[in-house]
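Working notes for the structure below.
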Amino acid sequence: QVQLVESGGGLVQAGGSLRLSCAASGRTVSSYAMGWFRQAPGKEHEFVGTISSRGDSTYYAVSVKGRFTISRDNAKNTVYLQMDTLKPEDTAVYYCAAGIAYPSRSTHTYADWGQGTQVTVSS
């Protein structure tokens with residue numbers, strides 16, 4: 001089992017940037033694909049993007065492609081989500097998750113999840 005802790009969320013104006021981090025412990029994440037999801041109030045989890053275990057491939061939701069970038073540093077057991085040109089509709093709690101299948105948009109393929117970090121984008 002992998003323990004995941006997200007950080008870096010906060011309040012930002014539209015057009016601004018944030019970088020989220022997902023720190024892993026318990027087991028090395030280098031064997032896992034890592035995904036980012038988000039959940040807005042009253043909505044279900046929405047896929048944001050995923051990165052392969054070696055970090056050589058990424059896949060994004062259409063809604064964030066070109067604005068968000070996922071990267072990872074396996075030596076630090078950490079995954080990042082760089083969010084640029086943020087929009088009010090990006091407001092949500094953001095979660096990282098560890099899984100085996102890549103690429104996968106389904107929450108069911110990710111076994112371990114963090115507690116989430118709030119991102120609020122003001123207009």
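The values are calculated or read from the model by the stated rules, or taken from the named source; none is laboratory data. Note that the coordinates shown come from a computational prediction; the quantities given were computed from them, not determined experimentally. Side chains included, ligands, DNA and RNA excluded: accessible areas come from the protein's heavy atoms. Shrake-Rupley method; radii C 1.70, N 1.55, O 1.52, S 1.80 Å.
List of remarks:
- Solvent-accessible surface of protein heavy atoms, probed at 1.4 angstrom with all chains present, puts 32, 102 in the order 102, 32, largest first.
- Within the chain, the proportion of Cα pairs with more than 25 Å between them is 14 percent.
- Couplings for region 114-123, taken from phi via the Karplus curve 6.51 cos²θ - 1.76 cosθ + 1.60 with θ = phi - 60°, read x, 8, x, 9, 7, 10, 10, 10, 8, 8 Hz in order; Gly and Pro are left as x.
- Length added when fully stretched, residue 3-residue 82, from 0.36 nm per residue minus Cα-Cα: 26.3 nm
- Across region 72-77, rounded Karplus estimates of 3J(HN,Hα) from the backbone phi angles (6.51 cos²θ - 1.76 cosθ + 1.60, θ = phi - 60°) give 8, 10, 5, 5, 9, 6 Hz, Gly and Pro being marked x.
- In sequence order, calculated HN-Hα J values of region 19-24 (Karplus, 6.51, -1.76, 1.60; Hz; x Gly/Pro): 10, 8, 10, 10, 9, 10
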